[in-house]
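Trainee: Have a look at this one.
The values are calculated or read from the model by the stated rules, or taken from the named source; none is laboratory data. Since this is a predicted model, take the numbers as computed values, not measurements. All Cβ positions, glycine included, derive from the backbone under ideal geometry; neighbour counts span all protein chains shown. Just so you know, the surface numbers come from the protein's heavy atoms only, side chains and all, with ligands and any DNA or RNA stripped out. Shrake-Rupley method; radii C 1.70, N 1.55, O 1.52, S 1.80 Å.
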Amino acid sequence: ATSAAVKTTAADVLVQTAVEGRSLETLDLRRTAVFTLFGGGWMGFGQYYLYCRLFERLVPGTTALASAGKAALDQLVHVPLLYFPLFYSIDALLQGAWARGVACGVEHVQHRLRTELKESLYANWSLWLPASFVGFRLVPPHWRIPYVSAVSMVWTTWWSVLQGRFRARNAGAASAEQL
């Protein structure tokens, strides 16, 4: 869990400084905190159980068909129904939406899903569908987390770029509404 938190933190800080041109003093610390908590909590603990235990029970084996089944479970069930909603729930927490009430937290998550899910899924599937198939087909269960961690560094960097774009777009829309 610690390595996953460090990886997601590093990816977001890298994107904010190298891609977005921010200084360390102007980092979006809430965004970085979302990546850190999500990385350590879900990617570090939850996905271990999912990839190494649950998927193996549900679809045992490493045949091409079993590997495709696990990749489909991961990308068509886990990612849209658990991964992204959890990420946005953590974001809602750190943005203070849940503190303003359950309805505000739910609205925050629903808004982010409505405005970002399609683009996020396309980006995710572009990398993870082939990577998941390879991981389930060729990588032994005890090596899956290191394999997924390596691919995940690429994904998390890409995901952070998207989050920066989404936040800039949302800030622009909020500014336009105030005019």
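Trainee: Go over the candidates T63, T2, T36, T17 one by one and state the one that is within 15 Å of W159 (Cβ to Cβ) and of a type in the set (V, I, T).
Mentor: Exactly one of T63, T2, T36, T17 is within 15 Å of W159 (Cβ to Cβ) and of a type in the set (V, I, T), namely T36.
Trainee: Can you tell me which residue among S132, S149 is assigned to a helix (DSSP H, G or I), open to solvent by less than 20 Å² (accessible area, probe 1.4 Å) and either in contact (Cβ under 8 Å) with a residue 12 or more places away in the chain or touching a helix residue (DSSP H, G or I) at 6+ places or on another chain (Cβ under 7 Å) (or both)?
Mentor: Unique residue meeting the criteria: S132.
Trainee: May I ask you to say which residue of V79, V34, V15, V102 is among the β-branched types (V, I, T) and either at positive phi or open to solvent by 30 Å² or more (accessible area, probe 1.4 Å) (or both)? Steps first, answer last, please.
Mentor: Working: V79 fails: either at positive phi or open to solvent by 30 Å² or more (accessible area, probe 1.4 Å) (or both); V34 fails: either at positive phi or open to solvent by 30 Å² or more (accessible area, probe 1.4 Å) (or both); V15 fails: either at positive phi or open to solvent by 30 Å² or more (accessible area, probe 1.4 Å) (or both).
Going through V79, V34, V15, V102 in turn, just one is among the β-branched types (V, I, T) and either at positive phi or open to solvent by 30 Å² or more (accessible area, probe 1.4 Å) (or both): V102.
Trainee: A further question on this structure: If I go through segment 37-53 residue by residue, how many of them are under 12 Å from the mean Cα position of the chain (by Cα) and open to solvent by 40 Å² or more (accessible area, probe 1.4 Å)?
Mentor: Of the residues in segment 37-53, 2 are under 12 Å from the mean Cα position of the chain (by Cα) and open to solvent by 40 Å² or more (accessible area, probe 1.4 Å).
Trainee: Going through segment 54-72 one residue at a time, which ones are surrounded by 12 or more Cβ atoms within 10 Å (Cβ to Cβ), within 17 Å of L138 (Cα to Cα) and not hydroxyl-bearing (S, T, Y)?
Mentor: F55, E56, V59, G61, A66, A68, G69, K70, A71, A72
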